[in-house]
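Participant: Take a look at this one; I'll ask things after.
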Amino acid sequence: MVKTRFAPSPTGYLHIGGARTALFSWAFARKQGGKFVLRIEDTDLERSTQQSVQAILDGMAWLGLDYDEGPYYQMQRLNRYQEVAEHLLAQGLAYRCYASKEELDVLREQQRQAGLKPRYDGRWRDSKQTPPAGVQPVVRLKTPLEGIVVFDDLVKGKISVANHELDDLVLLRSDDTPTYNFGVVLDDLDMGITHVIRGDDHVNNTPRQINILKALGASIPQYAHVPMILGADGERLSKRHGAVSVMHYRDQGYLPEALINYLARLGWSHGDEEIFSREQLVEWFDLAAINRSPAKFNPEKLTWLNQHYLKVADDARLAELVTPFLQERGYGQPAAGNLPGIAGLLKDRVSTIEELADASAYFFKTIEPAAALREQYFTAGIRPALEDLTGRLTGVEWKREAIHHEIKQTVASHSLKFPNLAMPLRVMVTGEVQTPAIDAVLELLGKEETLLRLRDRLNDFPG
Ligand code: GLU
């Protein structure tokens with residue numbers, strides 16, 4: 001059975017790149033009817049925080065990336081790493097190295113001066129020396145001195161590295177915590193991971209990991225290294241390019257399905273499909289269709305997708321999502337209480353929930369029209385028609401059709417064109433010139449509030 005995993009280090013929030021890796025691993029497992037595991041790689045004690053763990057869990061939950069097992073924590077598996085290191089030591093496949101940091105610094109410096117690649121020289125590999133007192137050793141793997149490591153990367157194709165290029169990597173640090181490579185290998189092995197899907201910043205680690213697996217006599221999983229994500233300037237995506245945290249997008253009012261759709265297209269494609277659901281992604285997902293070259297992050301495209309998903313989103317859901325944004329702006333309940341109606345009316349004019357909150361401002365408070373608008377629309381000539389309309393609306397049943405009818409009647413009886421009346425009307429109640437159909441706005445604003453605003457504004461008219 002296919003089993004994949006996402007193995008973030010909790011040293012920050014869940015960022016765009018991590019989320020995309022998680023998505024690919026998740027989609028592959030779902031497509032194959034397999035399992036998806038979440039594992040927290042928290043052995044870097046200095047940089048790991050509980051807060052980051054939470055941020056990762058929150059990000060996964062928000063994106064709907066559900067896992068079948070985990071979260072596992074490496075720090076809860078220390079005994080296991082130590083046990084396997086002992087086993088490798090006993091078998092002569094690993095050894096204790098007592099070289100001090102200073103000694104290794106000197107070695108590295110000598111190599112650099114000789115124009116060589118810095119690498120550990122194996123000085124304790126077959127050493128019969130008595131270990132120096134008081135030095136806590138590390139455990140190193142006896143990397144084969146000859147031969148090559150070859151693997152077929154499911155994205156990059158065949159990759160081979162000569163063993164003499166690799167040095168004897170550390171498995172256990174002197175404080176008995178595993179190094180990244182050792183921890184990952186044992187976790188992937190113990191958890192039965194069949195496909196390791198991860199960022200290609202780890203591709204150089206893979207031959208080392210394969211050597212550890214071989215020493216353990218274990219079978220080798222399949223690897224798929226996903227090219228990185230670049231900013232518009234061609235540099236690796238980072239904070240400099242703006243928001244890279246997944247939760248930042250939630251906080252700006254993006255919908256998770258928009259981000260999922262966007263991330264899926266970031267380095268993967270299915271024909272020309274741009275807009276597709278999570279279910280379609282699972283149905284289509286294929287590692288072979290992952291691009292070999294890096295993907296470029298394009299915030300405009302994400303916004304475009306978000307716009308689409310807002311348009312098709314359920315009004316009641318949008319009402320719920322926009323509520324915290326409204327609260328932030330100090331808005332209470334809309335006058336007529338129909339928040340889903342307001343969301344539904346405005347949703348195809350905005351590209352984020354945040355914009356939806358801003359666009360709905362006039363439903364919560366009166367907006368003073370700009371001086372130029374007053375001058376243009378609040379004229380003595382149109383005043384009688386607006387007074388007439390106010391009177392008519394007073395008696396009407398508060399339904400969009402009825403409101404529309406009264407506006408048309410007023411237009412006709414004053415020999416106007418529709419916009420002659422609708423524009424000042426719009427500015428009077430919303431303070432703006434660009435709103436959805438004015439009858440729909442008035443219906444949602446409610447009768448009482450509409451009449452209040454109209455009567456109030458009529459006082460601002462000359463003549
Ligand atoms: N913890 C590693 C990282 O966050 C992931 C390692 C892996 O997927 O093998 O980069």
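Participant: Taking region 195-206 only, how many residues are more than 10 Å from the ligand (Cβ to nearest atom) and buried (at least 17 other Cβ atoms within 10 Å of the Cβ)?
Facilitator: Final tally of qualifying residues: 3.
Participant: Under 9 Å between Cβ atoms, which residue pairs at least 6 apart in sequence (or on different chains) link something in region 31-52 that is more than 18 Å from Tyr72 (Cβ to Cβ) with a partner that is of a type in the set (Asp, Glu) and more than 14 Å from the ligand (Cβ to nearest atom)?
Facilitator: Lys31/Glu283; Lys31/Asp286
Participant: Among residues belonging to region 1-58 that are near the ligand (Cβ under 9 Å from one of its atoms) and among the basic types (Lys, Arg), point out the one that is surrounded by the most Cβ atoms within 10 Å (Cβ to Cβ).
Facilitator: Looking at residues that are near the ligand (Cβ under 9 Å from one of its atoms) and among the basic types (Lys, Arg), I get Arg5.
Participant: Please indicate, with yes or no, whether at least one residue in region 98-109 is among the β-branched types (Val, Ile, Thr) and either under 21 Å from the mean Cα position of the chain (by Cα) or within 14 Å of the ligand (Cβ to nearest atom) (or both).
Facilitator: Of region 98-109, the ones among the β-branched types (Val, Ile, Thr) are 106.
Add one more test, that the residue is either under 21 Å from the mean Cα position of the chain (by Cα) or within 14 Å of the ligand (Cβ to nearest atom) (or both), and what stays is none.
The answer is no, given that none of the residues of region 98-109 is among the β-branched types (Val, Ile, Thr) and either under 21 Å from the mean Cα position of the chain (by Cα) or within 14 Å of the ligand (Cβ to nearest atom) (or both).
Residue-by-condition table, conditions (1) touching a residue at least 12 places away in the same chain (Cβ under 8 Å); (2) farther than 30 Å from Ile353 by Cβ; (3) crowded, with 19+ Cβ neighbours inside 10 Å; (4) not polar (S, T, N, Q):
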site: Thr177; (1), (2), (3), (4): yes, yes, no, no
site: Gly183; (1), (2), (3), (4): yes, yes, yes, yes
site: Arg208; (1), (2), (3), (4): yes, yes, yes, yes
site: Ala218; (1), (2), (3), (4): yes, yes, no, yes
site: Met247; (1), (2), (3), (4): yes, no, no, yes
site: Gly253; (1), (2), (3), (4): yes, no, yes, yes
site: Ser269; (1), (2), (3), (4): yes, no, no, no
site: Glu273; (1), (2), (3), (4): no, no, no, yes
site: Val282; (1), (2), (3), (4): yes, no, no, yes
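Participant: Shifting gears a bit: Of these, Val150, Val139, Val170, which one is out of contact with any Ser or Thr (no Cβ under 7 Å at 6 or more places or on another chain), within 28 Å of Tyr223 (Cα to Cα) and modelled with pLDDT of 95 or more?
Facilitator: Going through Val150, Val139, Val170 in turn, the sole match is Val139.
Participant: Now a separate question. Is it the case that some residue within region 161-183 is outside any loop (DSSP other than H, G, I, E, B), over 21 Å from Gly122 (Cα atoms) and away from the ligand (no atom under 12 Å from the Cβ)?
Facilitator: no
Participant: Can you name the residue in region 138-160 that is within 16 Å of the ligand (Cβ to nearest atom) and buried (at least 17 other Cβ atoms within 10 Å of the Cβ) and is also nearest to the chain's Cα centre (by Cα) among such residues?
Facilitator: Here the answer is Val155.
Participant: Which one is nearest to Asn306 (Cα to Cα), of the residues in region 220-256 that are of a type in the set (Phe, Trp, Tyr) and outside any loop (DSSP other than H, G, I, E, B)?
Facilitator: Ranking the candidates gives Tyr249 first.
Participant: If a residue counts only when it is touching a residue at least 12 places away in the same chain (Cβ under 8 Å) and under 30 Å from Asp314 (Cβ atoms), which helices (runs of 4 or more DSSP H) contained entirely in region 346-463 have at least 2 such residues?
Facilitator: Per the criteria, 353-359, 400-413, 418-430, 438-445, 447-458.
The values are calculated or read from the model by the stated rules, or taken from the named source; none is laboratory data. Predicted model, so just to flag it, every value in this text is computed and none were measured. A quick note on method: Cβ atoms are made from the backbone with ideal geometry, for glycine too, and the neighbour counts reach across all protein chains shown.
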